[in-house]
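The values are calculated or read from the model by the stated rules, or taken from the named source; none is laboratory data. The model shown is predicted, which means the values in this text are computed figures rather than measured ones. Cβ placement follows ideal geometry from the backbone for every residue including glycine, while neighbour counts extend to all protein chains displayed. In case anyone asks, the SASA skips ligands and DNA or RNA and just uses the protein heavy atoms, side chains included. Shrake-Rupley method; radii C 1.70, N 1.55, O 1.52, S 1.80 Å.
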Amino acid sequence: MMESLGKLAFDQLQKGNLIFYESDLTECGIDIRAASVYSGVFTQIFKEEKQLYQNKVFCFVHLSVQEFLAALHVHLTFINSGLNLLEEQQTTSMLFKPSFHQGAVNKALESPNGYLDLFLRFLLGLSLQTNQTLLQGLLTQTGSSSQTNQETVQYIKEKLSENLSAEKSINLFHCLIELNDRSLVEEIQQYRTSGRLSTGKLSSAQCSALTFMLLSSEKDLDEFDFKKYSASEEALLRMLPVVKASNKALLSSCNVSEEGCENLLSVVSSQSCGLRELDLSTNSLKASAVRLLSAAVESPHAKLNILRLNICELSEENCEALSSVLSSQSSSLTELDLSIRKLQDSGVKLLSAGLQRLNCKLNTLRLSGCNLSERSCEALSSVLSSQSSSLRELDLSNSDLQDSGVKLLSAGLKSSQCAVETLRSGFKLFHR
């Protein structure tokens, strides 16, 4: 029954199927009446749409069970008969060759959406002698050696030096752990202990090792300060899974290019991203990059509450994109920092319009050191006196405001509609 379930699991995994029918079970030699005895391994699912599904539909209790049984089937088939199911060709030797596992690594790297990633981990883990001892009832012979496994380890390390996605690299590190190799992780740990991590240029493999180590830590990733580890954009791209898993990401002065920004922001808009605060200060973001950022923040999946763009280039076009974010119903942004920028009057007017929209949730706006003109102060004054604005704190500190601008802001503060509780102006702090 285990062999039959393994064949079923592998055949369906190859086809990308997670559910299957009675005919699929029969094809693998599984009798439904006998299968009911093994309900702990897979379970029947009855669909309510009887007009669409006349037959019963089956699936394994969890995808990982299917992936393990599929790996077990490939492993047993190769050892017992020499047939490599991944290549669909017969080998001349019954013993493991490096090409078998290396081919499996290549197959997983080429697979779309990483659907063979966990399968590969199981397959490599089954090659260890300690695990094969547990399979003696299914094995006619063993076929692994420490030398072969070491060659596989070396092959994986070579792959880690290539231009792989962060997700693929992390899976390869899980594979190394399956093969009991922690050398790259230990190397990075020594870098951290010596304090050389932020000063040295990390290789691709080392960046991947650092990412794996941070994600494997039992501590919650509350704050990820990228400058502690590196300053290159290549390293940032490899460490995006850490950004995705963090609550707060500090990426200031990282020279993020438009391409890098696009990859970063695809993470922000991901449903599984838990990022709440993003600091992109002191990056020369082009208008196209700010548009991408705005689209990411507007995504219904984005959970970003705080965005810092101080000392970034902000044109009128940039402000228009940010204004769209402020007025978006799906945006969860509550704090925006645009300090130390020379904002154009037209840009401030656009931002002010967004702040007065009913959907706007922003309660803190930081424009410290922006030296706003009279017209800009007039636009902000309209925000202060707006009934629909949710703004509670406005930071205009370190700004050389003209008397006329201060007068306009004061008028807005005096309005009965004003909900602002704190205004930072010059070097003074005013509370209502």
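List residues of region 370-413, by number, whose backbone nitrogen lies under 11 Å from a label position 7 Å along Cα→C-beta of Thr422. Under cut-off, by backbone N: 392-395.
Note on exposure: Glu393, Glu223 ranked by accessible area (1.4 Å probe, complete protein assembly) read Glu223, Glu393, with the most exposed listed first.
Per-residue surface analysis assigns Glu151 an accessible area of about 70 Å², computed on protein heavy atoms at 1.4 Å probe radius.
Ordering Met2, Met213, Met239 by accessible surface, largest first, gives Met2, Met213, Met239; the 1.4 Å probe counts only protein heavy atoms, with every chain in place.
Calculated accessible area for the chain comes out at 48 Å² per residue, all protein chains present (probe 1.4 Å; ligands, DNA, RNA ignored). Could you work out the percent of alpha carbon pairs in the chain separated by over 29 Å, rounded to a whole number? Summing the P(r) tail past 29 Å for the chain gives 60 percent.
Since only Val290, Cys273, Ser410 are under comparison, the one whose Cα sits farthest along the positive direction of the charge dipole of the chain, derived from C-beta charges on Lys, Arg, Asp and Glu, is Ser410.
Per residue, the average separation of C-alpha pairs within less than 8 Å and at least 6 apart gives the chain a relative contact order of 7 percent. Neighbours of Asp117 by Cβ distance under 10 Å: Lys/Arg scored +1, Asp/Glu scored -1, total 0.
Taking each residue as 0.36 nm, the span from Ser146 to Ser272 lengthens on full extension beyond its C-alpha to C-alpha distance by 41.5 nm. Taking chymotrypsin sites (Phe, Trp or Tyr not before Pro) as exposed when DSSP calls them loop and at most 13 other C-beta atoms lie within 10 angstrom, the chain has its longest site-free stretch at 47-426. Applying 1/(1 + (r/R0)^6) with R0 = 51 Å to the Cβ-Cβ distance of Lys361 and Glu234 gives a FRET efficiency near 0.90. Remark: relative contact order (region 169-313) = 19 percent; criterion is Cα-Cα distance under 8 angstrom and separation of 6 or more residues. Here r is the Cβ-Cβ distance between Val61 and Tyr115 and R0 is 22 Å; the resulting FRET efficiency, rounded to 0.05, is 0.75. Kindly state, to the nearest 0.05, the FRET efficiency for Ser346 paired with Leu215, given R0 = 56 Å and r defined as their beta-carbon distance. Calculated transfer efficiency: 0.80.
Here the simple spin-label model places points 7 Å from the Cα toward Cβ, and for Ile306 and Tyr21 these points are separated by 5.6 nm. You can think of it this way: the chain between Ser330 and Ile177 has 51.0 nm of extra reach, that is 0.36 nm per residue less the Cα-Cα gap. Heavy-atom surface analysis with a 1.4 Å probe gives the chain a carbon and sulfur content of 47 percent of its accessible area.
Taking the DSSP bridge list for the chain and keeping only pairs wholly inside it, about 35 percent are antiparallel.
Computed with a 1.4 Å probe on the full set of protein chains, the accessible area for Ile19 sits at about 70 Å².
Working from label points 7 Å from Cα in the Cα-to-Cβ sense, the Ser404 to Glu186 distance is 7.2 nm.
Computed on region 326-396, with alpha-carbon pairs under 8 angstrom and 6+ residues apart, the relative contact order is 40 percent.
Could you give the angle, 0 to 90 degrees to the nearest 10, between helix 204-216's Cα long axis and the longest principal axis of the Cα atoms of the chain? Helix 204-216 sits roughly 90 degrees off the main axis of the chain. Applying the criteria of a DSSP loop state and at most 16 other Cβ atoms within 10 Å to the GluC sites (Glu not before Pro) of region 285-327 yields Glu313. The order of Lys56, Lys159, Lys7 by accessible area, most exposed first and with a 1.4 Å probe, is Lys56, Lys7, Lys159. With the cut-off at under 16 Å, measuring from each backbone N in region 245-279 to a point 7 Å along the Cα-to-Cβ line of Lys227 picks out 249-256, 278-279. Among the listed pairs Lys159/Lys303; Lys15/Lys168; Lys219/Lys342, which have their C-alpha atoms separated by more than 32 angstrom in this model? The answer is Lys159/Lys303; Lys219/Lys342. With the helix formula -39500 (n - 2.57) applied to DSSP H stretches of n ≥ 4, the chain reaches a computed 222 nm mean residue ellipticity of -14000 deg cm²/dmol.
Could you tell me which of rounded, prolate or oblate describes region 279-390, using a ≥ b ≥ c as the square roots of the eigenvalues of the alpha-carbon gyration tensor, with rounded for a/c under 1.5 and, failing that, prolate when a/b is larger than b/c and oblate otherwise?
oblate
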